[in-house]
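Below is one structure, written out as structure tokens, with a few remarks after it.
The values are calculated or read from the model by the stated rules, or taken from the named source; none is laboratory data. This structure is a prediction, so every number in the text was calculated from the model and none was measured. Here the Cβ is made from the backbone with ideal geometry for all residues, glycine too, and neighbour counts use every protein chain on show. When the accessible area is computed, the model is the full protein with side chains, heavy atoms only, and any ligands, DNA or RNA have been set aside. Shrake-Rupley method; radii C 1.70, N 1.55, O 1.52, S 1.80 Å.
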Amino acid sequence: MIRRCNVALALVVALGVLPPQSLLAHAAYLTAQEPKVISIRGQYDNGDLMEGAQVLVFAPDNPAEPWTTGTADDLGRFLLFPDTSLPGRWTIQMRQAGHGAVIHVEVGADSADAAAVLATAATGAPQSLAQQLVMIALVGWGALGTALYFRRRRGGNASA
Amino acid sequence: MKHAALIASALMLVAPAASATTLTLFASGEDLATEGFTEPRLTKDGWALEFSRIIAHVDQVTAWQSEPPFMGDGPDIEGTALEFGGPFTVDLVDADDADLVELARIDADPGFYNALSWALSPAPQGEFEGFSLVFEGIARRDGDEVTFTLATRDAILHACGEYVGDTRKGFVTEDAGSELEITLHLDHLFGRADRPADSATNLEALGFDAFADGGMHEFTLGDLHVGHVGEGHCHDQTM
């Protein structure tokens with residue numbers, strides 16, 4: 001399932017009454033922008049979820065070193081907030097108990113249409129019931145991203 | 001004299017970059033090969049295995065720069081090929097501290113080598129002629145001790161995606177070489193007592209009970225899918 005809503009919210013909140021000149025240095029402005037979130041789910045083809053799997057994310061500007069790492073939740077999911085200033089192919093690895101799987105997601109530079117799944121991945125021998133991993137990526141803008149934006153970690157991502 | 005010094009300096013600058021632009025091929029049976037199956041990582045049926053040799057015969061090895069990335073989901077890899085060739089005969093027990101055995105190092109153009117194809121194939125000659133994978137060692141359980149040799153004649157072609165492991169491998173630059181790895185997952189053969197008995201790997205693994213009378217046994221790899229690239233999977237098919 002690919003969810004793409006071209007909705008970007010920008011909210012600027014300012015006080016309606018200007019403070020005295022001497023207090024301008026203390027004015028506060030909040031800006032909120034609904035972020036793009038990529039949801040990745042790892043599971044084995046026998047239905048087992050990759051609960052607690054290690055997740056490594058590689059950005060296109062330095063594909064050899066992890067941009068961030070994390071852990072999948074108890075449903076094998078991981079939420080990634082990519083830095084859209086780094087357009088190109090993002091690679092996500094999920095590893096657990098000696099098994100690993102890879103997925104690639106293309107993130108565009110245009111913030112109005114910033115993300116598209118160009119490749120979903122199923123690594124493993126498709127004839128194997130024991131070993132194949134299936135990873136599904138969901139890409140979208142919207143309420144899900146907003147709700148989880150505030151759980152964002154330094155480095156730009158949060159796991160669910 | 002000044003010219004000679006300049007030339008020497010230039011060579012010193014150029015030589016390291018040229019020598020670094022290589023791709024090195026390793027093979028590994030991981031720590032289950034070098035350390036054996038020990039408590040709590042016994043075989044699925046409770047045997048401790050100590051290997052004296054694990055001989056694998058590998059051939060037709062090719063590294064690939066595939067675009068779009070090959071995902072190990074079929075037999076055919078499309079992209080730029082770099083041949084390691086073969087054959088290579090390797091003892092996975094005689095490995096370095098990282099459980100790796102170097103097979104070959106070749107010059108490589110810069111790029112990301114994100115796929116690897118290789119064949120586990122029977123040795124055409126030598127001590128284990130006709131066998132592609134041989135285990136020698138001692139098995140122990142409940143005071144019993146069994147000396148064994150397990151061997152398969154299976155020939156299996158592997159088409160693998162990118163290496164998956166602690167580091168991301170395969171990036172060759174102008175300044176630095178890289179490496180790729182053929183990895184054999186021995187738990188797919190023998191199972192793991194520290195994993196659930198109803199896990200997919202343990203349900204399919206051979207275990208050791210079938211070989212408990214010791215001596216020489218032949219086995220088939222069947223659909224056990226022992227061949228990997230680190231933790232990354234491969235498509236495999238019988239040759």
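On the accessible surface of the range B:92-239, probed at 1.4 Å, how many percent belong to carbon and sulfur atoms?
Carbon-and-sulfur percentage of accessible area, whole number: 45.
Taking H as built 1.01 Å from N, whose amide H comes closer than 5 Å to the amide H of B:E179, not counting residues under 5 places away?
Placed amide hydrogens put B:T24, B:G170, B:F171 under 5 Å from B:E179.
For A:L86 and A:L30, compute 0.36 nm times the residue count separating them, minus their Cα-Cα distance, and round to one decimal in nm.
17.7 nm
Per-residue HN-Hα couplings for the range B:82-95, Karplus 6.51 cos²θ - 1.76 cosθ + 1.60 at θ = phi - 60°, whole Hz, x for Gly and Pro?
In residue order, the calculated couplings are 9, 8, 8, x, x, x, 10, 10, 9, 9, 6, 7, 8, 10 Hz.
Set the Förster distance to 22 Å, then compute FRET efficiency between B:D209 and B:R153 from the Cβ-Cβ distance, nearest 0.05.
Computed FRET efficiency for B:D209 and B:R153: 0.50.
Please find the FRET efficiency linking B:Q125 to B:R105, where r is the Cβ-Cβ separation and R0 is fixed at 25 Å, and quote it to the nearest 0.05.
Efficiency, rounded to the nearest 0.05: 0.55.
Please find, in a Gaussian network model of chain B (springs between Cα atoms separated by less than 10 Å), the residue of B:H57, B:H228, B:H217 whose mean-square fluctuation is greatest.
In the Gaussian network model the winner is B:H217.
Sequence-distant or interchain residues sharing an amide H contact under 5 Å with B:S52, placed H: which?
Long-range HN contacts for B:S52: B:E136, B:G137, B:I138.
Over chain B, average the accessible area per residue using a 1.4 Å probe and give it in Å², no decimals.
The answer is 45 Å² per residue.
Contour minus end-to-end for B:R53 and B:T22, with contour as 0.36 nm per residue of separation and end-to-end as the Cα-Cα distance?
That pair, B:R53 and B:T22, stretches by 8.2 nm at full extension.
Between B:D166 and B:E39, what FRET efficiency comes out of the Förster formula 1/(1 + (r/R0)^6) with R0 = 30 Å and r the beta carbon distance, rounded to 0.05?
Between B:E39 and B:D166 the formula returns 0.75.
Interface size between chain A and chain B, please: total buried accessible area, 1.4 Å probe, rounded to the nearest 100 Å².
2300 Å²
Express the relative contact order of chain B as a whole percentage, based on alpha carbon pairs under 8 Å and six or more residues apart in sequence.
Across chain B, relative contact order equals 27 percent.
Could you work out the mean projected area of the convex hull around the alpha carbons of chain B, in square nanometres to one decimal?
Orientation-averaged projected area of the Cα hull: 15.5 nm².
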